[in-house]
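Here's the structure we're looking at; comments come further down.
The values are calculated or read from the model by the stated rules, or taken from the named source; none is laboratory data. Bear in mind the structure is a predicted one, so any value in this text is a computation, not a measurement. Here the Cβ positions follow ideal geometry from the backbone for every residue, glycine too, while neighbour counts run over all protein chains shown. Heavy atoms of the whole protein, side chains included, go into the accessibility calculation; ligands, DNA and RNA do not. Shrake-Rupley method; radii C 1.70, N 1.55, O 1.52, S 1.80 Å.
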Amino acid sequence: MPINPDAVGSKGEPGRRSWNSKDALLYAVSVGAGSLDPVTQELEFTTENTKGVQQRVLPTMAVVLGAGRGAMGKVGTFNPAMLVHGEQAITLHREIPVEGELEAESEIVGIYDKGKGAVIVTESHSKLVDTDEPLFSTRSSVFISGEGGFGGDRGPSGPTNVPPERAPDHEVTYSTRPDQALTYRLNGDRNPLHSDKQFSDIGGFPKPILHGLCTYGFTGRALLHSLCDGDPARFRHMEGRFASPVLPGDDLTVRMWRTGDGEALFTTSVGDKTVISGGLCRFD
Ligand SMILES: C/C=C/C(=O)SCCNC(=O)CCNC(=O)[C@H](O)C(C)(C)COP(=O)(O)OP(=O)(O)OC[C@H]1O[C@@H](n2cnc3c(N)ncnc32)[C@H](O)[C@@H]1OP(=O)(O)O
């Protein structure tokens, strides 16, 4: 069965996920935390036993904890090698605790026919199991090349969150490592697109590409430190589009423009190629 546009509104089974301090440390290291100076930098995210430092969780860890389960299984069949992560948004309702258990519900909220491909949009909402407190919400889309043309709605078109034509207010460059994807996959996404050249060849990539969500995590660190003074409790919302693939070993430059009280637009680039476009961050 090709893409089924009637799957909009389909919900996955509510899924539970628990995590602990070690999961949070692994996530932080997998998105480069501590790599600038492991002795002094970001120890609140990379250690649990530094004197005078309390462990905290990077806000973007929401993407590995709360990905809705099951709903994507209802959109039809397609070649998984043709699927890439298209867009990702997270909205934090409170700071993520160092350990806990959440329950997430997900729903397909959009299926769009872009001609050359299909875009599937999923939303999920996660709450803490012990208190019923809303924790975070996510919205993500995938782009499946070759699966358009099913006669569906084209959906939202054109660029969003276009930065102003002036120099950015903040600019941060982080290096990724050649083995970055091998670390990042240990958070749970073992898709061979990020490790197996035979698989990435099918999608037409020169070699296995970095998880979009790893690029997202590096970018989130730049936003956290530049806009929120490194305080995860002030980080409210982040959204952006994966505009071009990143290869492990690439340097990521995050440019931020403050556009209002508690709001900034951003892009992430590799050289002069934009890899995350349409970036928006909200913070307290
Ligand atoms: C399981 C995988 C996990 C991963 O982590 S994969 C790694 C992370 N993701 C990526 O690296 C993807 C990087 N992005 C791309 O390579 C490109 O981007 C795409 C191949 C996805 C699309 O590029 P193109 O074929 O050149 O598309 P167009 O001609 O620019 O646009 C066609 C329509 O598609 C919409 N669109 C383009 N890119 C995306 C996207 N990333 N997410 C959602 N929609 C997208 C546009 O707006 C437009 O539609 P409108 O004409 O109606 O405006």
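What the table shows:
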{"quantity": "Solvent-accessible area per residue for region 171-214 (1.4 angstrom probe, square angstrom)", "calculated": "52 Å²"}
{"quantity": "Extension gain, V129 back to L186 (0.36 nm per residue minus Cα-Cα distance, nm)", "calculated": "18.1 nm"}
{"quantity": "The chain: angle of helix 21-30 to the longest principal axis, Cα-based, in degrees nearest 10", "calculated": "70 degrees"}
{"quantity": "Sulfur and carbon atoms: percent of accessible area, the chain [1.4 Å]", "calculated": "49 percent"}
{"quantity": "Contour minus Cα-Cα distance for E103 and K51 (0.36 nm per residue)", "calculated": "15.4 nm"}
{"quantity": "Extension gain (nm, one decimal) between E171 and D201, 0.36 nm per residue minus Cα-Cα", "calculated": "7.4 nm"}
{"quantity": "Set of aspartates and glutamates with alpha-carbon distance to K11 below 19 Å, sequence-local pairs under 8 removed", "calculated": "E103, E105, E107, E123"}
{"quantity": "Alpha-carbon centroids, region 70-144 and region 1-43: separation in whole Å", "calculated": "11 Å"}
{"quantity": "Candidate aspartates and glutamates for bridging to K51, where Cα separation is under 14 Å - those fewer than 8 sequence places away on the same chain excluded", "calculated": "E42"}
{"quantity": "Under 19 Å from the R139 label point (7 Å along Cα→beta-carbon), backbone N, region 267-284", "calculated": "267, 276-284"}
